[in-house]
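The values are calculated or read from the model by the stated rules, or taken from the named source; none is laboratory data. All values reported here derive from a predicted model rather than from experimental measurement. Please note: Cβ atoms are built from the backbone with ideal geometry, for glycine as well, and neighbour counts cover all protein chains shown.
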Amino acid sequence: MNTKFISGFSKLNKQEKIKIISEELADPSGFLSDLEAVNHKQAEKQLMLEQFSENTLGNFPLPYGVAPNFLINKKAYTIPMVTEESSVVAAASSAARFWSDKGGFHSKVKGCLKTGQIHFCWHRNRKILLDSKKDLIKFLLKNGLNLTQRMIERGGGVQGIELIDMSDQLENYFQLRVSFQTADCMGANFMNSVLEDMAFLLKSYYSESTSSENNNSPVDIIMAILSNYTPDCIVECYVETNFASLENISEEMSGEEFARKFKKAVDIAQLDPFRAVTHNKGIFNGIDAVVMATANDFRAIEAAGHAYASRNGKYSSLSKVNITEDVFRLSMELPVAVGTVGGLTSLHPIAKWSFEILNKPTTPELMMIIASAGLASNFAAIRSLITRGIQEGHMKMHLGNILSAQGAIDEERASAIEFFRDKKVTFHDVEKFLKKKRKS
């Protein structure tokens, strides 16, 4: 495609946008055909999907699957997952099945508070601001009720306001850190609306209560917005069993040897950021897939998780292993800020079915489901790494993608799957197999 500037592109209708883009492609008709193929069959739902974003040309489908056999807090779940990466769903399902007769996943929510910030500069004596802190907070809480009343009725609302003095690090810089409870909503729009309203109240409070030239406020608002770092919205999860239950995982290792090697692998991720990033990415393979299937914000959850992994000053593993006598325990805690009502969770035509499959969980329950999926992915990945290696299982699952890339027909696919059932899969070997079959 030839890159060029397109004036007024956002003002064009969908078909005009598609026409401009397609004309620059090598195969315009192929592009149009593929876009049409992934459109929703119901026009009103297609229109709704297009309104989720801007400059929309069509849809970008991803596989929607399920991982059955999850036992979480003694309750059975089939977990919907959206991911394009081979083996993620299979690995989570395998780990879920493995732990289902060993007590399953144990999870609990330690907190559901979310944070917003009003960043501002103070242009008077800082003692005036600090001395008036208590009265200011009372004023903000009282006068902000018009926006928070409905959330309060649902069990949420503003839970606290803290004045943070950071003027020693950045000239004149302060912030109000506001904690929120948003019930079953993700609450982003609610929090941002409240924060912007409070920012206006903050400025007006000091316009009226302090004398200054031209009656200007000593407050200069920089910005008011939620924080996606949610260290007070925490879920923890663990699995545990004795060495005897691990005996049949590997022919080369006893249950105790497997447990101790597994611990060593996780300990390495505790020490080495290079390994920790890949280790945590494996956790998010499971987490992101469930978050996407429920139309929550996987980018925010990833960002918060990686920040939490760095909370002690060094990036480290989110999971850990403890061995006490002959008991192996894999555990994890991380921030997971999600919602089960409002936003795309209710609008997306498939996300609503995800909640049906999960039996309409509350937000804390969804947090525990997400954490369990992440820990299952972590267990499956480390189990593969310390036994047969990651590539054997991954490439088995990737075989279908390789065959598609090679244009394999149904008969060739069936023959390849049978041929590679007990063999290592590589791109080269699959290509060689197909060439030989096609010659014959």
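Hey, does segment 309-326 have a residue that's in a helix (DSSP H, G or I) and closer than 13 Å to Y229 by Cα?
yes
State which residue is nearest to the chain's Cα centre (by Cα) when the search covers only segment 292-306 and only residues that are within 16 Å of H279 (Cβ to Cβ) and surrounded by fewer than 19 Cβ atoms within 10 Å (Cβ to Cβ).
E302
Does I128 satisfy being under 32 Å from the mean Cα position of the chain (by Cα) and in the same structural domain as Y205 (by TED's automatic domain parsing)?
No.
For Y77, which of the numbered conditions (1) surrounded by fewer than 17 Cβ atoms within 10 Å (Cβ to Cβ); (2) in contact (Cβ under 8 Å) with a residue 40 or more places away in the chain; (3) in the same structural domain as A371 (by TED's automatic domain parsing) fails to hold?
Only one criterion is unmet by Y77, namely (1).
Can you tell me how many residues within segment 161-191 are out of contact with any Gly (no Cβ under 7 Å at 6 or more places or on another chain) and at pLDDT below 95?
Selection size over segment 161-191: 3.
With the condition kept exactly as written, say whether any residue in segment 179-194 is assigned to a strand (DSSP E or B) and among the β-branched types (V, I, T). Give the derivation first.
Filtering segment 179-194 for residues assigned to a strand (DSSP E or B) gives 179-181, 185.
Then keep just the ones that are among the β-branched types (V, I, T); that gives none.
Checked against the condition, which is being assigned to a strand (DSSP E or B) and among the β-branched types (V, I, T), segment 179-194 yields no hits at all.
In segment 121-162, which residues are within 16 Å of M191 (Cα to Cα) and of a type in the set (A, V, I, L, M, F, W, C)?
Passing the criteria: L140, L141, L145, L147, M151, I152, V158, I161.
Could you list, ordered by first residue, the pairs with Cβ atoms under 9 Å in which the first is in segment 182-193 and closer than 16 Å to R299 by Cα and the second is part of a helix (DSSP H, G or I), at least 6 apart or interchain?
M186/A300; M186/T345; M186/T363; G187/M151; A188/A300
Could you tell me whether L62 is in contact with a strand residue (DSSP E or B) (Cβ under 9 Å, 6 or more places away or on another chain) and either not assigned by TED's automatic domain parsing to the domain that holds N13 or not in a helix (DSSP H, G or I) (or both)?
Working: in contact with a strand residue (DSSP E or B) (Cβ under 9 Å, 6 or more places away or on another chain): yes; either not assigned by TED's automatic domain parsing to the domain that holds N13 or not in a helix (DSSP H, G or I) (or both): yes.
Spelling it out, L62 is indeed in contact with a strand residue (DSSP E or B) (Cβ under 9 Å, 6 or more places away or on another chain) and either not assigned by TED's automatic domain parsing to the domain that holds N13 or not in a helix (DSSP H, G or I) (or both).
In this structure, does I128 turn out to be exposed (fewer than 14 other Cβ atoms within 10 Å of the Cβ) and over 16 Å from Y206 (Cα atoms)?
The answer is no for I128.
Only strands (runs of 3 or more DSSP E) wholly contained in segment 73-128 count here; list those with 2 or more residues that are under 30 Å from D197 (Cα atoms) and out of contact with any Pro (no Cβ under 8 Å at 6 or more places or on another chain).
Output list reads 114-122.
Taking the condition modelled with pLDDT under 95, farther than 24 Å from H348 by Cα and surrounded by 13 or more Cβ atoms within 10 Å (Cβ to Cβ), does L25 pass?
The answer is yes for L25.
Within segment 375-434, take every residue that is assigned to a helix (DSSP H, G or I) and of a type in the set (V, I, T) and give me the one that is modelled with the lowest pLDDT.
Looking at the filtered set, the residue picked out is I390.
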